[in-house]
1. Using only the Cα atoms of the chain, build the gyration tensor, take square roots of its eigenvalues as a ≥ b ≥ c, and label the shape rounded, prolate or oblate: rounded if a/c is under 1.5, else prolate if a/b is larger than b/c, else oblate.
2. Using R₀ = 35 Å, calculate the FRET efficiency as 1/(1 + (r/R₀)^6) where r is the Cβ-Cβ separation of Thr219 and Arg77; round to 0.05.
3. Suppose every Lys and Arg Cβ carries +1 and every Asp and Glu Cβ carries -1, with no other charges. What dipole size does the chain come out with about its Cα centre, to the nearest 20 debye?
4. Under a straight-distance cross-link criterion of Cα-Cα below 15 Å, which aspartates and glutamates are reachable from Lys262, leaving out those fewer than 8 residues away in the same chain?
5. What lysines could a cross-link reach from Lys261, if we take a straight Cα to Cα line under 27 Å and drop same-chain neighbours fewer than 8 places away?
6. Could you grab the relative contact order for the chain? Cα pairs under 8 Å, six or more apart, rounded to a whole percent.
7. Output the direction-averaged projected area (hull surface divided by four) of the convex hull of the alpha-carbon atoms of region 186-300, in nm².
8. Could you give the length gained on full extension between Leu117 and Gln172, defined as 0.36 nm per residue of separation minus the Cα-Cα distance, in nm?
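No value in this document is a laboratory result; all are computed from the given coordinates. Here the structure is a predicted model, which is why all the values come from computation and not from measurement. Please note: Cβ atoms are built from the backbone with ideal geometry, for glycine as well, and neighbour counts cover all protein chains shown.
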Amino acid sequence: MKQNYIQTSLELHIFFARIMKEHSLFLQAGFMPIGNDYICEAQWYKGEFEKLLSDVVNLSNCRICQNILDSGEIVTRYTFGAEKKTSELTGIVIDTNITLQELNLQPNGYSYSDTRLTDYVCYLNNRAIQLLDGLIGLKERILRDVLSCKLFTANYPLLLEHIIREAKLYRQYVIMLQSGQDITCEDRKQVELFWNQIMMEHALFIRGLLDPTEEQLITTADNFAKEYQKLLDEARNMTDETIKTITDKTITETVKYRDFKKAGAEGILGCDIRSIILPLLADHVLREANHYLRILKEDS
Ligand SMILES: [Fe+2]
Ligand SMILES: [Fe+2]
């Protein structure tokens with residue numbers, strides 16, 4: 001139980017703390033000079049989630065299962081380059097040492113754990129909840145101000161809603177861990193509904209951030225959005241038992257989609273695609289697809 005609590009917590013943070021620090025960076029990079037207060041706030045959360053991630057990574061050697069290390073949800077082979085390039089393009093400092101450290105993590109084997117470690121992980125979990133409360137609040141304020149036309153940002157309102165949902169899912173999982181619940185046997189239908197919507201929205205963002213001349217890529221992104229919409233409609237009518245019948249279809253679709261995102265990350269990093277997509281955003285959505293695929297395959 002203790003081992004499970006430690007490992008599950010670390011595996012959760014090592015994916016999501018990075019996601020949150022990147023959301024904060026995307027927010028920071030999206031404002032105009034007049035939005036300086038928001039820029040500072042977003043930067044603060046970027047720094048705090050970076051510290052949280054770093055603390056988690058320092059504990060994670062020999063404590064994360066092989067499956068997760070291999071899934072490409074923690075880092076991909078593009079992450080380091082995407083961070084360097086995004087840093088150059090935005091002027092925002094990114095701690096790439098964390099990425100290098102993550103690339104060298106060894107899978108779980110023997111690792112020493114005692115009450116002190118459990119207490120420390122418990123402290124990390126509580127710190128994550130506190131930070132998430134703050135970051136969710138910030139994202140909600142930004143969304144409200146954007147929707148009432150008091151604030152301009154390069155990030156779509158739907159992207160703001162999307163990153164609020166991701167943060168709330170993360171918070172829900174940490175809270176479950178803190179109350180002794182198991183997050184791995186989560187309601188399968190809800191999981192697929194959540195991530196299919198996330199995947200669909202990524203396609204909508206990609207479509208909207210590509211240069212209008214990238215017609216082929218826009219069509220492909222559009223088709224992915226339609227496919228996920230279909231899967232969502234199908235899944236809504238399913239029960240927890242019958243959902244399994246569309247899981248295979250979802251896996252097939254998501255493998256294709258992951259390959260599309262991989263090609264996208266490569267094309268954007270290689271300066272071969274015309275767009276207003278930050279390299280780190282391309283890698284971010286690729287990691288989220290890898291994360292979803294890993295969950296789908298584990299459950300099937
Ligand atoms: Fe995200
Ligand atoms: Fe996302």
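1. Rounded, since a/c falls under 1.5.
2. 0.80
3. Its charge dipole is roughly 200 debye.
4. Glu73, Glu253, Asp272, Asp283, Glu288
5. Leaving aside lysines fewer than 8 places away in the same chain, those within reach of Lys261 are Lys21, Lys46, Lys84, Lys85, Lys139, Lys168, Lys189, Lys226, Lys230, Lys244, Lys249, Lys297.
6. 22
7. Convex hull of Cα atoms, orientation-averaged projection: 6.5 nm².
8. So the extension gain works out to 17.6 nm.
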